[in-house]
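**Student:** Structure incoming, see below.
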Amino acid sequence: MNICVIGSGYVGLVTGSCFANCGNNVTCLDIDKNRIKSLKKGKIDIYEPGLSDIVERNFNAKRLKFTTNYKEAIENAEIIFLAVSTPPNSDGSANLDYIKNATMELSKYINNYKIIVTKSTVPIGTTYLIKNLIKSQTDKEFDVASNPEFLKEGSAINDFMFPDRIVIGTHNTKANNIIKSLYEPIIKKGTKYLNTSRKCAELIKYASNGFLATKISYINEIANLCEKINVNVEDVSIGIGLDQRIGSRFLRPGPAYGGSCFPKDTRAILATAKKFNTNLSIIKSTVKSNEQRHKILLDKISKILNNKIKKKRITFLGVTFKPNTDDMRESPSLKLIPKLHKSGAIISYYDPSGEKIDFKKYKNVNFVNKISNACKNSDLIILHTEWNEFKNLNFKRLVKKRNFLIYDMRNIYSHKKMISNNLNYFGIGR
Ligand code: UGA
């Protein structure tokens, strides 16, 4: 099938290269000339395991093309995916400027029947808006459908090729059959295919992210209680997760959820609810709980340092919002590090994805490019992100100071083992 993907960022590039990998001819289009120039040279500015390989392979096989030219890309395509960004407005609602611009542009080149599919996370009703915009520009036949993405950064290729479900929002049989046949190689492997209305598909995306964010905030709050009553939250997670109605995933407590999706999408669904005069009080509480979480962590840091943060050497191992990504968006470290710096701590950090521009403005926050150098003189090591290379460290060898502390915000290590090794070790919810 001939496909065009508009927007060659994270979602667009993963979508385009994976469809090409399934044997389709895909043109990835972007208005950013430099990005397209780099992609044509095989340079990818996105940190995603496996993505370079799949792009390179399909580019060399001539199934994957990159262009800035709408005419060429749209005229040849049967299905056009919109994968442009929908950044938040100041009130939390999604900004649809990129969607509208791309829609207006693609409308000019509809030469025969096309299906326009939204992959971007868009507010409820956006597919109608797109349909009306195109209708105002052309008499040619087309359909608009919604196909939300459920890709996790760090495992996006696997999530694309082996998803839990594929959701298609359209009640048009012709469009549904064509999109379904595009996904056939994935459906064949056992993935559930759900065909629903466009509005419902749009809501499924927001409601999924809202639910997952709530699950995380829920276990984070249960972890707070565990610390007070001396119960291990890991056991609680296992115990409740064994109930199939609840499920065990996304019950890992941590320093708060971050990234470009949960924080943005929970605020956006609240903006939608406000518009429709509905009180989503549970998601409202989730957002509040997550936004306030850094205060609880800072109190704990202060407590374990005996209220003496000034001049203490604190090492962050990992600063990204999750492992296998270089993404810093809404990472809890962005709240924790500046606050600790303000209290007089001397901070060094190491992250496998490299130095971060976000911390350059702080005098006493420095990137160190080796775990051992970052930990050598530490009073407190904070395990902030669960990168694999932090999972088997010999802290006694790494740290030269005598009474150093470890605060494991991801519960990477066994509490029992760390204590029996005479380490001053603290986790979350235990
Ligand atoms: C999330 C969703 O998981 C994807 O399904 C969705 O497609 C994507 O948003 C999106 O809307 O595009 P992502 O933000 O890449 O994916 O990462 P997650 O793995 O979901 O993690 C989000 C945050 O929650 C991270 O900060 C992570 O550390 C935290 N988290 C996750 C926990 O604290 N505990 C958990 O048990 C799971």
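The values are calculated or read from the model by the stated rules, or taken from the named source; none is laboratory data. These numbers come from a predicted model, not from an experiment. Cβ sites come from the backbone with ideal geometry, for glycine too, and all protein chains shown count toward neighbours. Just the protein is used for accessible areas: all its heavy atoms, side chains included, with ligands, DNA and RNA removed. Shrake-Rupley method; radii C 1.70, N 1.55, O 1.52, S 1.80 Å.
**Student:** Just the number, please: carbon plus sulfur as a percent of the accessible area of the range 266-314, 1.4 Å probe, no ligands or DNA/RNA counted. Working shown, then result.
**Tutor:** Numbers: 1640 of 3170 Å².
C and S fraction of accessible area: 52 percent.
**Student:** Now for a different question. Would you mind classifying the range 1-125 by shape? Square roots of the alpha carbon gyration tensor eigenvalues, ordered a ≥ b ≥ c; an a/c under 1.5 is rounded, otherwise it is prolate if a/b is larger than b/c and oblate if not.
**Tutor:** Details: a/c = 1.78, a/b = 1.23, b/c = 1.45.
It is oblate, given that a/c is not under 1.5 and a/b is not larger than b/c.
**Student:** So what's the convex hull volume per residue for the Cα atoms of the chain, in Å³?
**Tutor:** 156
**Student:** To continue, here is another question. If you add up the charges near residue 79, with Lys and Arg at +1 and Asp and Glu at -1, over every other residue whose beta carbon is less than 13 angstrom from its beta carbon, what do you get?
**Tutor:** +2
**Student:** Taking the Cα centre of each part, how many Å lie between the range 360-430 and the range 195-219?
**Tutor:** Cα centroid to Cα centroid, the span is 35 Å.
**Student:** Follow-up question, since we're still on this one. Once label points are set 7 Å from the Cα along Cα→Cβ at both residue 300 and residue 68, what is their separation, rounded to one decimal in nm?
**Tutor:** Output for this residue pair reads 4.8 nm.
**Student:** Using a 1.4 Å probe and ignoring any ligands, DNA or RNA, find the accessible area of residue 53 and quote it in Å² to the nearest 10.
**Tutor:** Counting only protein heavy atoms, residue 53 exposes about 100 Å² to solvent.
**Student:** Label-point separation (nm) for residue 235 and residue 292, each offset 7 Å from Cα along Cα-to-Cβ?
**Tutor:** 2.8
**Student:** Could you compute the net charge surrounding residue 144? Neighbours are other residues with a C-beta less than 10 Å from the C-beta of residue 144; K and R count +1, D and E count -1.
**Tutor:** With Lys, Arg at +1 and Asp, Glu at -1, the neighbours total +3.
**Student:** Want the number for residue 43 to residue 104: 0.36 nm per residue separation, take away the alpha-carbon distance, what's left?
**Tutor:** 19.0 nm
**Student:** Let's see if you can work this out: charge +1 on each Lys and Arg Cβ, -1 on each Asp and Glu Cβ, no other charges. What is the dipole magnitude of the range 138-255 about its Cα centre, in debye to the nearest 20?
**Tutor:** 320
**Student:** May I pose another question? Grab the Cα-Cα distance for residue 249 and residue 355, subtract it from 0.36 nm times how many residues apart they are, and report the gain in nm with one decimal.
**Tutor:** The residue 249-residue 355 span can extend by a further 35.1 nm.
**Student:** Ordering 212, 242, 336 by how much accessible area each has at a 1.4 Å probe, largest first, what is the list? Before the final figure, lay out the partial values.
**Tutor:** Values: 212 55, 242 130, 336 0 Å².
The residues order as 242, 212, 336, largest area first.
**Student:** Let me ask you something else. Hey, got the dipole for the range 28-74? About the Cα centre, +1 on K and R Cβ, -1 on D and E Cβ, debye to the nearest 20?
**Tutor:** The dipole magnitude comes to about 280 debye.
**Student:** I want to check the label-to-label distance for residue 281 and residue 362. Put each point 7 Å from Cα in the C-beta direction and report it in nm to one decimal.
**Tutor:** Each label point lies 7 Å from its Cα, and together they span 3.7 nm.
**Student:** Using 0.36 nm times the number of residues separating residue 177 and residue 52, minus their current alpha carbon distance, what extension gain do you get?
**Tutor:** Contour length minus Cα-Cα distance gives 41.9 nm.
**Student:** I need the phi-derived Karplus couplings for the range 44-61: 6.51 cos²θ - 1.76 cosθ + 1.60, θ = phi - 60°, integer Hz, Gly and Pro marked x.
**Tutor:** So the Karplus estimates, Gly and Pro as x, are 10, 8, 10, 8, 8, x, x, 5, 4, 4, 5, 5, 4, 4, 7, 5, 5, 7 Hz.
**Student:** With r as the distance between the Cβ atoms of residue 139 and residue 417 and R0 = 56 Å, compute the FRET efficiency 1/(1 + (r/R0)^6) and round to 0.05. The partial results should precede the final answer.
**Tutor:** Working: r = 70 Å, r/R0 = 1.26.
Between residue 417 and residue 139 the formula returns 0.20.
**Student:** Counting only protein chains, not ligands or nucleic acids, how are 375, 261 ordered by accessible area (probe 1.4 Å), most first?
**Tutor:** Working: 375 0, 261 45 Å².
Putting 375, 261 in descending order of accessible area: 261, 375.
**Student:** Something else: Might you work out the accessible area of residue 128 for me, using a 1.4 Å probe with all protein chains in place, and round it to the nearest 10 Å²?
**Tutor:** 100
**Student:** Provide the per residue accessible area, probe 1.4 Å, for the chain, rounded to a whole number of square angstrom.
**Tutor:** Each residue of the chain exposes 49 Å² on average to a 1.4 Å probe.
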